[in-house]
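Since the structure comes first, as C-alpha cells, the remarks are kept for the end.
Every number in this text was worked out from the coordinates using simple rules, so none of it is lab data. Quick caveat: nothing in here was measured; it's all calculated off a predicted structure. Quick reminder, even Gly has a Cβ in these numbers, built from the backbone with ideal geometry, and neighbours come from all protein chains shown.
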C-alpha cells in the first residue's frame, strides 16, 4: 500500500501548515471546534454510518459507535452539561477508565466550548485533588467505581459543583452534588448549538509532572487540530480504510491527541480495549479487529518481547501494516524484534504533553535507524543546544539539550496559573522539552536522557517531588528522596530512600505498607518499586537533598562533585 | 491450599478493588482485566514474599502467572 507520506525531502520542501488547514477546510478566522471536526464534519462528508469506535472490555462486552452515533452522543453530553450550567471556558474533568463515555464525552465537552481535563483513572485521591484544585474544575464526569475518591476530597473543592456518574445503577444512593447520566438512555440529541470556538480558544488541560512544585496544567487550544491531523496522516499513515488501535489511555496526552482527536478528525475506525495487559489478549484483539495501524509504547513492546515469539505465532497478525511507538526511547532490540515477528519495524515518535503532537519521528518509507527517534517532522525546526552556551550544536554526535523553535499549531499556550514555569521552558527563543539528545550526520536524533530529575516510567512522567511529599505524610517517614532506578521493561521505575522516625524499624512489612500508601494516594505509577532504608540522606551544606548522588549510584555513574556534601553516609 | 487461596483473595479485594468493582473469585482474571495493573503487581509480589517468606524470581513473576488467585497460589507453592 502506498504511504500517505511520500519522501522526507518532498515533505519538507515548501512545507506549510496550511496544507492541513486546506484539507480540513479551515480558513483563518473561521470557527474551529475540535468536537465538531471529529464528528459532525465526518458525517457531513458522507461517513455518518461508518464505524468510528469499536470498544470491548475484559468481560467480553462489545459496543460499536458509528460517526453518527458519536455525533449524537457527544451532542447529548454537551446538552446535558449545558443543562447543569456548564459554559464555555469551564473546566470539565473526565475521570474514567477507557470506556466509550470518555472518548465521546471528550468531544461533548469541547462542543460547548468548555475545557476538557482528562485525568488518569488510576490516580489516587491526592493526585486527583491537586489537579482539580489547580484547575478550579467545575464538573467531573466519572464512574461509580471512582466516585469514592471524589467524595473524599469534595469538601476541599468549592469550585467543583457537579459530579456526573455515567454508570449509576441505583444500588447505592447518589450523594451531594452527584447526578446520574447515561449515554445509553434515549437516542441522543440530533442538534446542538456548537459553541463558536476559534483557533486560540482553550480546548484541553492536561497535567504533567514537574521537577519541583505541583503538577502543571498544560493548556492547549482548538488550533492544535491542525498539527494532530497532519502528523497522524503522515506519521501514523492513517487512511480511510484503516482499523487503528492506539493503546494509550486518554488520561495522558497520547490518548487524546492520537486516541481521540486525530483518528476521529481523519474519519478512521478505531478500536479500544478497556482491559489490562496480556500479550495474548493483545494479539487476539489485533486478530479479531483486523488492526492495520498500531500505536503503542516501548514498555508494552518490551513486555510483548518478554512473552516470547510463540505467543505471536498463535495469532494472525497479517492485517498489521504500520507500527509506531511513543512515550520513551524505543530501544533498537525492540525495532529488530518487531521486524522479525511482525515483518514491520516500530517507528519511533518523539513528543510530549506540552508539544501536543509529534515533533521528531520516522516517517513511513524513511530509513529506520533502530534506536534513533528519527528526524524533525516537516515544519518543525529542532536542534540540540550546548548545555553551557545554549547555542545550537553543529558537530554530529555531540549531546545537547533538545530545542524546538516555537510556533507549531499544537504547542501549549500556557501552564495553568503558572506563567513563571511557562517562561522557564524557553531559552534564546527555543522551547526546551527537558531531554538530551545528539544528532547524527543524517539529521537523526538519538535520545540521551532527561535533563532533570523527572522519572519516565513506562512512558509516564513522575515527579520525585510529588512522591517525596506524599512519603512524608506516612507516619513512619522522617525524610525521603526519590530517584529513577533502571528497569528492563519500564525503562525507569521509582525508587525511594527513606529514613525513619524514632520508634519505627525497617522491615519488609513496613516497606509494603509505604508502597501501598503511595499507590493509593498518588497512583500505581508513582509507587516506589523499591524502598531503601537509610539512616540519613546525603545533603548539601545548605540542607538540600542531593538526589543527583543517589541517582548516580543507582545507574552506576560517576558521582561527580561532592564538595558541597554535608555528610557522606 | 484453601487457606492460602483465601488469604490471597482477601488481600486482592482489600487492596486493589475499587468500591464499585464487580466481585471476584479464585479464577477471575486480575492482570488481564486491569483489576491489578502491572505496576501494582510489584506490591502484590512483595506481599506474597513477605507473607510466605519466599523469594519469587522476577522472570517468574509474569502477568500470566499473576492473572488469578489460583494461578498465584500455584506459583507461590513452587517456592515454599
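When only alpha carbons of the stretch A:409-517 are considered, Rg and Dmax amount to 18.4, 60 Å. Counting neighbouring Cβ atoms within 10 Å and putting the fewest first, the residues A:555, A:351 line up as A:555, A:351. When Rg and Dmax are taken over the Cα atoms of the protein assembly as shown, they come to 24.2, 71 Å. For the stretch A:381-439, the normalised intensity computed at q = 0.14, 0.21, 0.27 Å⁻¹ comes to -0.40, -0.79, -1.11 (log10 of I(q)/I(0), Debye sum over alpha carbons, equal scatterers, no solvent). Distance between the pseudo-spin-label points of residue B:23 and residue B:59 (7 Å out from Cα toward the beta carbon): 4.1 nm. Exposure proxy shown here: for A:129, A:123, the number of other Cβ atoms within 10 Å sets the order, fewest to most, as A:129, A:123. Look at the stretch B:26-38: the mean tally of other chain Cβ atoms within 10 Å of its residues' Cβ atoms is 5. Globularity index of the stretch A:455-555 is 1.01 (Cα radius of gyration / 2.2 N^0.38 Å, N = number of residues). The ranking of A:121, A:390 from fewest to most other beta carbons within 10 Å of each one's beta carbon is A:390, A:121. Protection proxy ranking for A:236-242, A:307-313, using the average of other Cβ atoms within 10 Å per residue and placing the highest first: A:236-242, A:307-313.
Counting, for every residue in A:523-530, the Cβ atoms of other protein chains within 10 Å of its Cβ and taking the mean gives 4. Enter the Cα centre distance for the pair the stretch A:314-337 and the stretch A:18-69, rounded to the nearest angstrom. Result: 27 Å between the Cα centres. For the stretch A:24-74, the fraction of C-alpha pairs more than 13 angstrom apart is 61%.
For the stretch A:102-169, the spread of Cα positions along the three principal axes, ordered from largest to smallest, is 29, 29, 20 Å.
Normalised by 2.2 N^0.38 Å, where N is the number of residues, the C-alpha radius of gyration of chain B stands at 0.99. Between residue B:15 and residue A:340, the simple spin-label model (points 7 angstrom out along Cα→Cβ) gives 3.5 nm. For the segment B:43-52, counting C-beta atoms of other chains within 10 Å of every residue's C-beta and taking the mean gives 4. Relative protection proxy for A:336-349, A:100-113, from highest mean packing down: A:100-113, A:336-349 (other beta-carbon atoms within 10 angstrom).
Sorted from greatest to least, the principal axis extents spanned by the alpha carbons of the stretch A:156-283 come out as 48, 39, 38 Å.
Computed from the C-beta positions of residue A:367 and residue A:394, the FRET efficiency with R₀ = 25 Å rounds to 0.65. Using R0 = 51 Å, the C-beta based FRET efficiency linking residue A:3 and residue A:555 works out to 0.85. Using the Cβ-Cβ distance between residue A:191 and residue A:280 with R0 = 45 Å, the FRET efficiency computed as 1/(1 + (r/R0)^6) comes to roughly 0.50.
The C-alpha radius of gyration of the stretch A:244-348, expressed as a fraction of 2.2 N^0.38 Å, stands at 1.00. Can you give me the Cα centroid spacing of the stretch A:367-395 and the stretch A:519-541 in angstrom? Rounded to whole Å, the Cα centres lie 34 Å apart. Spin-label model, residue A:240/residue A:212: points 7 Å from Cα along the beta carbon direction are separated by 5.5 nm.
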